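The values are calculated or read from the model by the stated rules, or taken from the named source; none is laboratory data. Not measured: the values here are computed from a predicted model. Note that each Cβ is placed from the backbone with ideal geometry, even for glycine, and that neighbours are counted across all protein chains shown.
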Amino acid sequence: MTLLDSTDVFPAGVEGLGARRVTLASGVSLRLVEGGPVGGSPVLFIPGWGCSAYSFRGNLPVLARAGYRVVAMDLRGHGWSDKPEALHAYTLDTLATDVRETLAALGISRATLVGLSLGGAIATRVALRWPGRVERLVLCGAVGLGAVRFVSAASRLPRALGRAPIRTVPRALVMLALRTAYGNPAQVTPRDVDEYHAPARDPAFHRALWAMVHDVNWRTLHRSEVRRLTMPVLVIFGARDRLVSPRLVSRIIGEAPRAHVVMLAGVGHVSPEEAPERVNAELLRFLAS
């Protein structure tokens, strides 16, 4: 076990990538990981619940070398970003507004959004509210495209549980969560656990995650919403996804006029981490089409 701090974590030691903070119009400060030419076509990566920019460690360098301007966020409440504790600070609309304000802070008027898990729901909300800001949409294991396991039961528990005096999220719990998310649990490495455990040592982290369980509407997208996704859409799901059911993905997203679905055999919930080469091939093909 290695206790990493904010200077040790990804993208430390990765050539061509750097990290910085931006302060949004709301006053919330987010940590970003960036790479590629500033003039390249922008691609913004949005991680899921409990995750960070580390989720895209296998994707950012490849797309940056291909000439794209890549940016990955740590969501509010996650990673090394601010963790506000105001009531209802973690609604889907608030998280989507963070994405819009991040683009504005970077001087990006229009971008491809790549959302993983809850990040997929956030990217979709941006596309629905501000379609002119979204060039293309990539949804990986996205909330909104299938039934979300575990969350409905957790959301019925009292919000006040998030105020329990937990000093840190145990490393063993982080390992269990990662092994549950992966289609092949043996792929999870000690470094993966260290990277995810590092920000989880902040007591504000578990409070933010619990608030998000209650603030976010984890429902499946309505057909009328899917029809409004008129930009090109790429959906990537792992056939072994145990957290967001892939069973009805094709039927749900089939309402989108320009959507394409890729199902990855042997892959679980976090395809960009588990199968980066396959995901990168799909991303590069989609971006060039």
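Look at Ala121 and say whether it is surrounded by 19 or more Cβ atoms within 10 Å (Cβ to Cβ), modelled with pLDDT of 95 or more and either within 27 Å of Leu44 (Cβ to Cβ) or of a type in the set (Val, Ile, Thr) (or both). The answer is yes for Ala121. Evaluated against (1) closer than 18 Å to Val28 by Cα; (2) in a helix (DSSP H, G or I); (3) without any contact (Cβ under 8 Å) to a residue 40 or more places away in the chain, Gly107 falls short on exactly one condition, (2). Can you confirm whether Ala12 is of a type in the set (Gly, Ala, Ser), in contact with a strand residue (DSSP E or B) (Cβ under 9 Å, 6 or more places away or on another chain), in contact (Cβ under 8 Å) with a residue 12 or more places away in the chain and within 23 Å of Ala200 (Cβ to Cβ)? Considered against the rule, which asks whether it is of a type in the set (Gly, Ala, Ser), in contact with a strand residue (DSSP E or B) (Cβ under 9 Å, 6 or more places away or on another chain), in contact (Cβ under 8 Å) with a residue 12 or more places away in the chain and within 23 Å of Ala200 (Cβ to Cβ), Ala12 comes out as no.
Each row is one residue, and each column tells you yes or no for (1) within 17 Å of Gly119 (Cβ to Cβ); (2) in a loop (DSSP other than H, G, I, E, B); (3) in contact (Cβ under 8 Å) with a residue 12 or more places away in the chain.
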position: Thr230; (1), (2), (3): no, yes, yes
position: Arg240; (1), (2), (3): no, yes, yes
position: Ile252; (1), (2), (3): no, no, yes
position: Pro257; (1), (2), (3): no, yes, yes
position: Met263; (1), (2), (3): no, no, yes
position: Arg278; (1), (2), (3): no, no, yes
position: Ala281; (1), (2), (3): no, no, no
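When residues in the stretch 13-29 are screened for being loosely packed, with under 13 Cβ neighbours inside 10 Å and either at positive phi or not charged (D, E, K, R) (or both), 5 of them pass. Against the test of being touching a helix residue (DSSP H, G or I) at 6+ places or on another chain (Cβ under 8 Å) and assigned to a strand (DSSP E or B), the options Ala72, Ala96 yield a single qualifying residue, Ala72. Number of residues in the stretch 214-228 that are assigned to a helix (DSSP H, G or I) and buried (at least 21 other Cβ atoms within 10 Å of the Cβ): the value is 1.
Confirm whether Gly120 is assigned to a strand (DSSP E or B) and closer than 18 Å to Gly79 by Cβ. The answer is no for Gly120. Of all residues in the stretch 49-78, those that are within 17 Å of Val216 (Cβ to Cβ) have Cβ atoms under 8 Å from Cβ atoms of residues that are in a helix (DSSP H, G or I) and polar (S, T, N, Q), 6 or more apart or on another chain, in Met73/Thr102; Arg76/Thr94.
Checking each residue in the stretch 253-289 for being among the hydroxyl-bearing types (Ser, Thr, Tyr) and either over 21 Å from Ala111 (Cβ atoms) or surrounded by 16 or more Cβ atoms within 10 Å (Cβ to Cβ) (or both) picks out only Ser271. Of the numbered criteria (1) within 19 Å of the chain's Cα centre (by Cα); (2) within 25 Å of Arg171 (Cα to Cα); (3) among the small types (Gly, Ala, Ser), the one Gly13 fails is (1).
For the stretch 197-212, the count of residues that are in a helix (DSSP H, G or I), within 30 Å of Ala86 (Cβ to Cβ), over 17 Å from the mean Cα position of the chain (by Cα) and among the acidic types (Asp, Glu) is zero.
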